[in-house]
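Asker: What follows is a structure written as structure tokens; I'll ask about it next.
The values are calculated or read from the model by the stated rules, or taken from the named source; none is laboratory data. From a predicted model like this one, the values you see are computed outputs, not experimental measurements. Cβ atoms come from the backbone with ideal geometry, glycine included; neighbour counts cover every protein chain shown. These accessible areas exclude ligands, DNA and RNA; they are computed on the full protein's heavy atoms, side chains included. Shrake-Rupley method; radii C 1.70, N 1.55, O 1.52, S 1.80 Å.
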Amino acid sequence: MQQVFHRPVSLKDVQTHFCPGCHHGTIHRLVAESLDHFGVQQRTIGVASVGCSVFLYAYFDVDVVEAPHGRASAVATGVKRARPDSFVFTYQGDGDLAAIGTAEIIHAANRGEDITVVFVNNTTYGMTGGQMAPTTLVGQKTSTSPYGRQREKDGAPIRMAELLAQLEGVAYSCRVAVDSPKNLIEAAKRMKTAFRYQVEGKGFSFIEVLSSCPTNWGMDPIAANGRVGAEMIPYFPLGVFKNTAEF
């Protein structure tokens, strides 16, 4: 019997430790499928910083550099400049990239560094206690906003894909979700596009992935998955916000 579904070569054969219903495992698969598709596993260097993204080395069969909190894009810049023949990607959460790492991501994008950034947006600090993140939705309760995020005091959630799309150095910026088969299929296509930009030397590419966090949201996996479509996508619309080279 022909095998029609298998583990990507770029993923290790290990059991996941992520919480039930977490989308990190699904996103990992999309990244690994893209690495396999372009045949770049042996020259890939992944960069992860503090947060659930820190476990990149445990799941991907590629070289991985660990960066301080928020500094993944700065470290990736150094790696790519030192090893220009390598395929370099970062894997970052919203508390990491959009908060402590705001300066690093904006300037790496503005310079047009030839790296690919995978940004997982679950509207919370997933690993460090469920604190309010720059992407936390208005009214959402977290460990540091027990009464819900207030627009007048905390500001509005930041839409990173749209923000970075305004910078001249960005070649590709998009947002996807993995909450449904339809969105997952589209996410796989756009992940490959984001990776292709680097393979072909077209510059900085950014893909934001809307993800669930059942544990910190206080929901069961099914309800958390539903929240992505019901609450997150209306505020964080899916789509391509900048595409400098159509393929």
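Asker: Between THR26 and HIS69, what is the label-point separation in nm under the 7 Å Cα-to-beta-carbon projection?
Answerer: 2.8
Asker: Under the rule of at least 5 residues apart or a separate chain, name every residue whose amide H is placed under 5 Å from the amide H of THR44.
Answerer: ASP63, PHE87
Asker: Given the range 87-196 reduced to its alpha-carbon atoms as identical point scatterers, what log10 I(q)/I(0) does the Debye formula return at q = 0.16, 0.17 Å⁻¹?
Answerer: At q = 0.16, 0.17 Å⁻¹ the computed log10 ratios are -0.80, -0.88.
Asker: Nearest 20 debye, what's the magnitude of the dipole of the range 86-157 about its Cα centre given +1 on Lys and Arg Cβ and -1 on Asp and Glu Cβ?
Answerer: Numbers: 5 positive and 7 negative charges, 68 e Å.
It comes to approximately 320 debye.
Asker: Return the whole-Å distance between the Cα centroid of the range 38-99 and the Cα centroid of the range 167-204.
Answerer: What the calculation gives is 16 Å, centre to centre.
Asker: Same structure again: Using helices alone, what [θ] at 222 nm do you get for the chain, with -39,500 (n - 2.57) per DSSP H run of 4 or more residues, divided over all residues and rounded to the nearest 500? The partial results should precede the final answer.
Answerer: Details: 9 runs with 80 residues, N = 247.
-9000 deg cm²/dmol, from helical runs alone.
Asker: Residue separation times 0.36 nm, minus the C-alpha to C-alpha distance between ALA82 and GLN166: what's the value?
Answerer: My answer for the length gained is 27.5 nm.
Asker: Sorting check: for 27-39, 118-130, which peptide has the highest mean count of neighbouring beta carbons within 10 Å, and how do the rest follow?
Answerer: Numbers: 27-39: 20.2, 118-130: 23.8.
Top of the packing list down: 118-130, 27-39.
Asker: So, by mean Cβ neighbours within 10 angstrom, what's the order for 185-191, 147-153 with the highest one leading?
Answerer: Going by the mean number of other Cβ atoms within 10 Å, highest first, we get 185-191, 147-153.
Asker: Evaluate the relative contact order of the range 23-243 (contact order divided by residue number), counting alpha-carbon pairs under 8 angstrom at least 6 apart; express in whole percent.
Answerer: Rounded, it is 20 percent for the range 23-243.
Asker: Here is a follow-up. Hey, can you grab everything whose amide H is under 5 Å from the amide H of GLY101? Only 5+ residues off in sequence or another chain; H modelled, so Pro and N-termini drop out.
Answerer: none
Asker: Which whole-number value in Å² is the accessible area per residue of the chain, probe 1.4 Å?
Answerer: Values: 10870 Å² over 247 residues.
The answer is 44 Å² per residue.
Asker: Going by average Cβ density within 10 Å per residue, which order do the peptides 40-48, 58-66 take, highest to lowest?
Answerer: Descending mean neighbour count gives 40-48, 58-66.
Asker: Further question on the same structure: Need one word for the range 1-72: rounded, prolate or oblate. Basis is the Cα gyration tensor (sqrt eigenvalues a ≥ b ≥ c); a/c below 1.5 gives rounded, then a/b vs b/c decides.
Answerer: It comes out oblate by the Cα gyration axes.
Asker: In straight Cα distance, which lysines are under 23 Å from LYS12, not counting same-chain residues fewer than 8 positions off?
Answerer: Hits, sequence-local ones excluded: LYS189, LYS192.
Asker: While we're here: At 1.4 Å probe size, with the rest of the protein present, what percent of the exposed accessible area of the range 112-186 is carbon and sulfur atoms?
Answerer: Within the range 112-186, the accessible surface is 54 percent carbon and sulfur.
Asker: Give me the number: length gained by fully extending SER180 to VAL9, i.e. 0.36 nm times residue separation minus the C-alpha to C-alpha distance, one decimal in nm.
Answerer: Going from the current span to full extension adds 59.1 nm.
Asker: Would you please calculate the Kirkwood hydrodynamic radius of the chain over all C-alpha pairs and express it in Å, rounded to one decimal?
Answerer: Averaging 1/r across every pair of different Cα atoms and inverting gives 17.9 Å.
Asker: May I ask you to list the lysines whose Cα is less than 19 Å away from that of LYS80, ignoring any residue fewer than eight positions away on the same chain?
Answerer: LYS202
Asker: Give the residue from PRO68, VAL138, GLY169 lying farthest towards the positive end of the charge dipole for the range 59-203; charges sit on Cβ (+1 for Lys and Arg, -1 for Asp and Glu) and the dipole is referred to the Cα centre.
Answerer: Going by the charge dipole, the pick is VAL138.
Asker: Amide H neighbours of VAL117 under 5 Å, counting only residues 5+ apart in sequence or on other chains, H built in-plane at 1.01 Å?
Answerer: Excluding prolines and chain starts, which carry no amide H, the hits are THR90, SER205, PHE206, ILE207.
Asker: Give me the distance in nm between label points sitting 7 Å out from Cα along the Cα-to-Cβ direction at ASN110 and SER143, one decimal.
Answerer: So the two model labels end up 3.3 nm from each other.
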